[in-house]
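Have a look at the structure below before the remarks.
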Amino acid sequence: MTTQYSYSYHKGDGKNKALLGGKGANLCEMTQIGLNVPPGFVITTETCIKYLDQGKLPHDLLDEVRLQIKEIEQQSGKQFGGTTDPLLVSVRSGSAISMPGMMDTILNLGLNKQTLNGLIELTGDSRFAYDAYRRFIQLFGKVALDIDDEKFDVHFDKIKRQAGIKADVALSSDQLKEISELFLKVVHEETGHSFPEDVYEQLELSIKAVFDSWKGKRAVDYRREFNITADMASGTAVNIVTMVFGNMGDDCATGVGFTRNPGTGVNEMYGEYLVNAQGEDVVAGIRTPKPVSELADEMPNLYQQLVVLRNTLETHYKEVQDYEYTIERGILYCLQTRNGKMNAAAMVRTSVEMVNEGLISKEAALLRIDPELLEQLLHPQLAPNHNNPSLAQGLPASPGAACGKCVFDADTAERLGHLGQDIILLREETKPEDIHGFFAAQGILTSRGGKTSHAAVVARGMGKACVAGAEDIAIDVKMRLAIVGNIHIREGDVITIDGSTGDIYLGRIPTIEPSFSEELQVLLGWADEIAEIKVHANADTPDGAKQAASYGAAGIGLCRTERMFNASDRLPLVIDMIICDNVEDREIALAKLFPIQRDDFQQLFAAMSPNPVTVRLLDPPMHEFLPSEHQLIEEIEALHEYEKIILGQKVTLETLGTHESLPAPFNHLNDEVINEAITKKQLMLKKVRELYEVNPMLGHRGVRLGMSYPEIYRMQIRSILEAAALCVKKGISVQPEIMVPQVITSQELKKVKAIVDQIQQEVESNYEIELDFKFGSMVETVRACTRAGDLAEYAQFFSFGTNDLTQATFSFSREDAENKFLPLYNESGLLQDNPFEILDVKGVGKLMKMTADLAHQTRPDIRIGICGEQGGHPQSIRFCHHIKLNYVSCSAPRIPIARLAAAHAKLLENEYILES
Ligand code: PEP
Ligand code: MG
């Protein structure tokens, strides 16, 4: 069977985006549902890959292309290369996954000296024809012949300057003709050849160039940034479509629209258009377009047609569409449609509203949102009470506030961004080649272009703040300067932009965390109904617990008690406890800590009531609570110096015999206080030296501390159980869970459990209640995994500490790995992901699965969760669902993401493939 390289829009399978690309498939679909799409065909992505592999087009492709062109000629009545009614086409890229502006497109192809004359005769409009011609030469020159835009722009700008013209539309036919001729010369000078006159040669070169753009830097960077893998999109299709013109006069227009507002999600006509212009003018932001509502007055009949088009698209695709159209001499054509990229707030709102309108199911509403997108909803907003005056205003193009140093080009933004600086990228307008600057910047500000300009679309897709078309700002890239009135903003100056209002401010403005919208609550409620795996929070304070509860946490999966020890009112007590040399003294110090811990736990349990709270007993090595040896030596030296000063003060007082006229410091400290401080510091120093370990993270920490200093664990266990008892007495329902860290053997658990049992009895009898709580173990050592069956005899629950378990499995120290070699491993493909962010399912995951199986054999109803950082990552959550964990626990801001990911994991469980 011979391979079919291309499909006419009447015949292509509108569902096959992998083969026809998103744009091609949609053009087929739109044609076949009766929308007015200009005739055309699509060359498959497979052909692209074949071309890129073999370095040449398949030998029979061009024959097939000729047959397809014949078909278009029949449908349009025009002739490709014809001198009377010439067919002009666009050659457009389009891969399976939309990558807006990342690959190349050529317009007006088919123009040469003869067809140009034909076009002039046909339209009677030489200005229009030369305008099309000069655009074609430049775009073809840039894309197919690799000539820099600048080479053309100098001539264009010079003619405009000489004529004293600002807007391109003011150029006359003669001027455009002159420009076209100059452009033809540029091509000759740059390539050594004349501009190709043969229209099929033009077509062949363009097809190759569009295929090549799949491997271009922009496209490769974009795919890497958005993790677009070869199985998601492989190669670009090429669409060859009859040109329709929005720039043939005042009954022509071009526009782009969204079926709903992509900034807010509101169900309304949304978009912009330009009369007498080509599509590129709107997208590139060369002229500032008008809102579509004005079309209702300007061309009421066409506006009504556009409403019908919008409704048809949304009802058919059951998804918000981002569409492009052209009106040529009063006829509306739909040129393309794709699923609209929106910010998180708009995605959430449209999901909920489309379900309420009966357009989509709840499942579809959940699945259409990438869980990671919800992170945007936690983006800062400007503090509402700030009263900084706005310096200038542009269009609110992508919501959220951003603050940073002004930078005027993408390369500098990338360089400074890599150094960890906050950047605002300032451009007159952005182009696809600026994409690396977007990745590095916190926000984007342009002085030209509308809400559908390149800058706006890309920033929205990335969830970055963007203010577009701030026309009061004059940007001079060469001088690295932006001027607003008499204010000069230089590179490096800090500004703040508010992408929700379009305001621009000098300096840094305080920001506040946003709150949850009602729609998000509804959506996540649906997610919870579907998800099987629960989402808990890692939280250590009552405030943290309240925040986690407000984000919908179903419990606290990890409270690291050491974080409570670190608060400034406890640390001195903890240090006293550590420097003790005997148990009795340590018990005295612990007795002071006890009521504080008990109070903490009470508040924590109450904040999470009635949900479970897992409290982990002390984990880090004790030296972490003490200053470093170096610091202590310096402090002791300083105290000795001070001792001398005190002595000097004494001598002064004795000598002068009076102290009334002397300043305050002279009557404060005395030898005794200083000596006490020196003694304490020396004790600390002695302890620091005693506690020294070569590898503290693999040393005396976790349950090993509990074995050596059981009095510490005793105090913590008593605080937890008494806090629970006090809550119960107050009628607060609680579910405490006591968790032991760093366990390697069931004997450790047995010993801690014995302490728990004893304290439980005491508390129950003192408070005259029965306590309901669980006892369990972290699983974060490899031995714990291999002995999980034994551990489960004592543990009612397990929580995978995948931070430590990953370090142990890889034999990596996280800090060293991330600072030294992990980036290289990731970039060179030695490791696909950072295993400290995304669970290594092939290695660590295998241990987890084995652990869960062993544990279930001993205790079928054991509850198992994960509390390492990976627990908040959607990919890891899918794996955890797959091995049937009961819950994931993650930091509060990841909770909405994890809730949605948990629903996705359930909905997509049949598609889950675990690579071995
Ligand atoms: C872990 O090891 O995954 C864990 C949660 O503990 P920590 O990060 O506190 O060591
Ligand atoms: Mg750990």
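Values quoted throughout were computed directly from the atomic coordinates according to the rules given, and no laboratory measurement underlies them. All values reported here derive from a predicted model rather than from experimental measurement. No Cβ is skipped: glycine too gets one built from the backbone with ideal geometry, and neighbour counts run over all protein chains shown.
Near F408: Cβ cut-off under 12 Å, other residues only, Lys/Arg at +1 and Asp/Glu at -1. The net charge is -2. With a threshold of 31 Å on the Cα-Cα distance, the over-threshold entries among K341/K534; K142/K451; K142/K341; K431/K820; K11/K78 are K431/K820. On the beta carbon distance between S194 and I732, with R0 = 60 Å, the FRET formula returns roughly 0.10.
Inter-label distance, Q304 to E518: 3.5 nm, where each label sits 7 Å from its Cα along the C-beta direction.
To the nearest ten degrees, helix 300-317 and the longest principal axis of the Cα atoms of the chain are 50 degrees apart.
Could you please state, rounded to a whole Å, how far the C-alpha centre of region 685-701 is from the C-alpha centre of region 54-79? First find each Cα centre; the distance between them is then 76 Å. Loop-located trypsin sites (Lys or Arg not before Pro) across region 29-88 with a Cβ neighbour count of 14 or fewer within 10 Å are K56, with loop assigned by DSSP. Here region 461-512 and region 644-658 have alpha carbon centers that stand 60 Å from each other. Computed over neighbours whose Cβ is under 14 Å from that of C785, the net charge equals -1, Lys and Arg +1, Asp and Glu -1. For region 486-492, putting each phi into the Karplus relation 6.51 cos²θ - 1.76 cosθ + 1.60 with θ = phi - 60° gives couplings of 9, 9, 10, 10, 9, 4, x Hz, in residue order, rounded to whole numbers and with x for Gly and Pro. Packing-based ranking of 707-717, 91-101 yields 91-101, 707-717, ordered from highest to lowest mean Cβ neighbour count within 10 Å.
With contacts taken as Cα pairs under 8 Å and at least 6 residues apart, region 680-745 reaches a relative contact order of 35 percent.
Extension gain, E793 to K820: 0.36 nm times the residue separation minus the Cα-Cα distance gives 5.6 nm. Phi angles of region 831-836 translate, via the Karplus equation with coefficients 6.51, -1.76, 1.60 and θ = phi - 60°, into HN-Hα couplings of 10, 6, 10, 7, x, 7 Hz per residue; Gly and Pro are given as x.
Given R0 = 22 Å, the distance between the Cβ atoms of R161 and E471 translates into a calculated FRET efficiency of 0.60. Which residues in region 216-239 place their backbone N less than 20 Å from a point set 7 Å from the Cα of K431 along the Cα-to-Cβ direction? Answer for this model: 216-223.
Mean residue ellipticity at 222 nm, helices only, the chain: -14500 deg cm²/dmol; runs of at least 4 DSSP H residues each add -39,500 (n - 2.57), and the sum is divided by the number of residues. Longer than 29 Å from Cα to Cα, which of K166/K478; K160/K478; K215/K405 are they? Say none if no pair is. Table pairs above 29 Å Cα-Cα are K215/K405. Straight-distance candidates among the aspartates and glutamates for linking to K592, with alpha-carbon spacing under 14 Å and chain neighbours fewer than 8 residues away dropped: D569, D576, E584, D600, E711.
E190 sits among other residues whose Cβ lies under 14 Å from its own Cβ, and their net charge, with Lys and Arg +1 and Asp and Glu -1, is -3. The angle separating the long axis of helix 629-656 from the principal Cα axis of greatest extent in the chain is about 60 degrees. Rounded to the nearest 10 degrees, the inclination of helix 671-691 to the longest alpha-carbon principal axis of the chain is 70 degrees. Taking the DSSP bridge list for the chain and keeping only pairs wholly inside it, about 60 percent are antiparallel. For the pair Y912 and Q747, a Förster radius of 30 Å applied to the C-beta separation gives a FRET efficiency near 0.20, rounded to the nearest 0.05. When only Cα pairs below 8 angstrom with a gap of at least 6 residues are kept, region 513-635 shows a relative contact order of 29 percent.
Roughly speaking, what is the centre-to-centre gap between region 769-786 and region 870-916 when only Cα atoms are used, to the nearest Å? Result: 22 Å between the Cα centres. Couplings for region 806-820, taken from phi via the Karplus curve 6.51 cos²θ - 1.76 cosθ + 1.60 with θ = phi - 60°, read 5, 4, 5, 5, 8, 6, 10, 8, 4, 4, 5, 4, 6, 8, 10 Hz in order; Gly and Pro are left as x.
The modelled label-to-label distance for the pair T2/D528, using points 7 Å beyond Cα in the direction of Cβ, is 6.2 nm. Using a simple spin-label model with pseudo-atoms 7 Å out from Cα toward Cβ, R563 and E634 lie 2.8 nm apart. Full extension of the segment from A383 to L653, taken as 0.36 nm per residue of separation minus the current Cα-Cα distance, would add 91.8 nm.
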